[in-house]
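The next block holds one structure in the form of structure tokens; read it before the comments.
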Amino acid sequence: MSSTHAATAPTALSAGTSSTASLATKALIAGGLGLGLTAVGLLISPAQHVAMSYLVGITFCTAITIGMFMWIMIHHIVDASWSVVIRRQFEHGTKGFLWLAILFLPLVLASLLAAKHDLVWPWMEPTHVIHGGHEVAQDPLYVKKSGFLSIPGFLIGTFGTLVLMMWVSARLRKASFGQDLDGDAKWTFMNRKTAAFGLPIGAFGLTAIAIFWVKSLEYHWYSTMFGVWFFANCVRGALAVGVIIMVWLLRRGDYKGILNTNHFYSIGMLSFAFSVFWAYVTFSQYFLIWNANVPEETFWYNLRELDSHGHTTQWWYVGLVILFGHFFLPFLTLLSYRFKITPHILRRIVICILVTILIDLCYNILPALKDDHGDPLPFLSINLLWVLTSVVGVGGVCVWSYLKSFPTAKLIPIRDPRITESLTHHE
């Protein structure tokens, strides 16, 4: 059976090469338009608003790419068989690390080259005035965290992390693609070793990005669950994109005779499991902060529930959308066996998860933009437009990167030692 599929895979790949190239061009055009419209936003909205919206977009795409990176290594560490036929698509997806680093660079340069460095992250500017009329340099909490929250630390934590993940993912791709040529088992052992040291790199890397990019926007806030929360969004986003790719390739004919209902069932079960995991992490963070009732922690949620006059803000309703979209909707729908094995239904569910992840990132980032009273700007504002253009812009470049990598290797790892088990996967 494996030889039959091994012959089928390259044929399907060759048949779709021209259409993939056309899609890559369209993705790049869409990405360029999205980035261009985001830049035009600088003429319409304050630069800080556009920059914060762009941060949402690039964090969203980075989270999905990191999730793909983590799933590849988890696959190798646990020696999974069912996911072999899907793993190759995640390997193509991690090519996006290079472009994410490049696309993040303008945000960093704009912050560092401006007259004041507080375009996005207030702690970068010592003279930035925080609540109470104090400057950042005089803030005791910043002084205690300054060894970590420094511009050199930020640059090393960001680009050092991305470069390391870029290097590890390149090793994983090299071994996987190389095995297609000679079928040598040494490539499997190489990837297991790479995954063994790559997983800690990924764990520390995604935590550094979550803290530097997002949490440090309001550096007074304490939360020991924040890195785990970001991890949950990374892996759920990657699973969602994996389902979308599976359905696309199945309908296009590439995966015909390769994927079966059990593959969809397995990835649907993982999506279900990590919906529960996200709920556990998020509830634990909220409950511990609410129960301790320490002002240095509770203010973060208070800002997202009530304004300075005690009125409910739009962000409170956004929180409810996140609760239902992140947990109740996927939990209740993915309980169904039929929904997990029906491609078009599963795709709709994961699209809802992806949208909710984006809203969740808005909830964590955009309230750092405040009005004269210290209240977060409303969710339904023009800033939401720049979020959407940023997602299209950065996402278009990432999709283009994936599609450019797509024809460079076989559709599936045809000589992986566990390819037969994957092709005949059953529950």
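The values are calculated or read from the model by the stated rules, or taken from the named source; none is laboratory data. Keep in mind it's a predicted model, so treat the numbers as computed, not measured. Quick reminder, even Gly has a Cβ in these numbers, built from the backbone with ideal geometry, and neighbours come from all protein chains shown.
Quick look at the numbers
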| read-out | value |
| --- | --- |
| Helices (runs of 4 or more DSSP H) fully within segment 53-171 counting 2 or more residues that are closer than 30 Å to residue 413 by Cβ, under 16 Å from the mean Cα position of the chain (by Cα) and modelled with pLDDT of 95 or more | 84-93, 96-113 |
| Residue among 372, 416 that alone is over 20 Å from residue 29 (Cβ atoms), acidic (Asp, Glu) and either in contact with a Lys or Arg (Cβ under 8 Å, 6 or more places away or on another chain) or buried (at least 23 other Cβ atoms within 10 Å of the Cβ) (or both) | 416 |
| Residue count for segment 177-187, restricted to those that are out of contact with any Ser or Thr (no Cβ under 9 Å at 6 or more places or on another chain) and part of a helix (DSSP H, G or I) | 5 |
| Only one of 390, 422, 401 that is in a helix (DSSP H, G or I), hydroxyl-bearing (Ser, Thr, Tyr) and within 18 Å of residue 187 (Cβ to Cβ) | 422 |
| Condition broken by residue 326, with the remaining ones in (1) more than 30 Å from residue 220 (Cα to Cα); (2) in a helix (DSSP H, G or I); (3) within 25 Å of the chain's Cα centre (by Cα); (4) not basic (Lys, Arg) satisfied | (1) |
| Count - residues of segment 404-413 that are surrounded by fewer than 21 Cβ atoms within 10 Å (Cβ to Cβ) and either more than 21 Å from residue 258 (Cα to Cα) or not polar (S, T, N, Q) (or both) | 4 |
| Segment 404-419 - residue that is assigned to a helix (DSSP H, G or I) and of a type outside the set (Gly, Ala, Ser) and, of those, nearest to residue 104 (Cα to Cα) | 404 |
| Matching residues in segment 376-387 - criterion: being assigned to a loop (DSSP other than H, G, I, E, B) and buried (at least 18 other Cβ atoms within 10 Å of the Cβ) | 377, 379 |
| Some residue of segment 354-363 being touching a residue at least 60 places away in the same chain (Cβ under 8 Å), closer than 23 Å to residue 212 by Cα and among the acidic types (Asp, Glu) | yes |
| Considering residues of segment 87-124 that are out of contact with any Cys (no Cβ under 6 Å at 6 or more places or on another chain) and of a type in the set (Gly, Ala, Ser) only, the residue surrounded by the fewest Cβ atoms within 10 Å (Cβ to Cβ) | 115 |
| Residues being surrounded by fewer than 17 Cβ atoms within 10 Å (Cβ to Cβ), of a type outside the set (D, E, K, R) and in contact (Cβ under 8 Å) with a residue 24 or more places away in the chain - total across segment 72-86 | 2 |
| Which numbered condition residue 291 misses (of (1) surrounded by fewer than 21 Cβ atoms within 10 Å (Cβ to Cβ); (2) in contact with a helix residue (DSSP H, G or I) (Cβ under 8 Å, 6 or more places away or on another chain)) | (2) |
| Candidates 411, 366, 384, 380 - the one that is in contact with a strand residue (DSSP E or B) (Cβ under 9 Å, 6 or more places away or on another chain) and either modelled with pLDDT of 95 or more or aliphatic (A, V, I, L, M) (or both) | 366 |
| In segment 307-353, the residues that are surrounded by 15 or more Cβ atoms within 10 Å (Cβ to Cβ), within 30 Å of residue 381 (Cα to Cα), among the aliphatic types (A, V, I, L, M) and in contact (Cβ under 8 Å) with a residue 60 or more places away in the chain | 318, 349, 350, 353 |
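Yes or no, residue by residue, for (1) touching a Pro at 6+ places or on another chain (Cβ under 6 Å); (2) within 30 Å of residue 119 (Cβ to Cβ); (3) surrounded by 20 or more Cβ atoms within 10 Å (Cβ to Cβ):
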{"residue": "211", "(1), (2), (3)": "no, yes, no"}
{"residue": "222", "(1), (2), (3)": "no, yes, no"}
{"residue": "227", "(1), (2), (3)": "no, yes, no"}
{"residue": "231", "(1), (2), (3)": "no, yes, yes"}
{"residue": "239", "(1), (2), (3)": "no, no, yes"}
{"residue": "249", "(1), (2), (3)": "no, no, yes"}
{"residue": "263", "(1), (2), (3)": "no, no, yes"}
{"residue": "267", "(1), (2), (3)": "no, no, yes"}
{"residue": "276", "(1), (2), (3)": "no, no, no"}
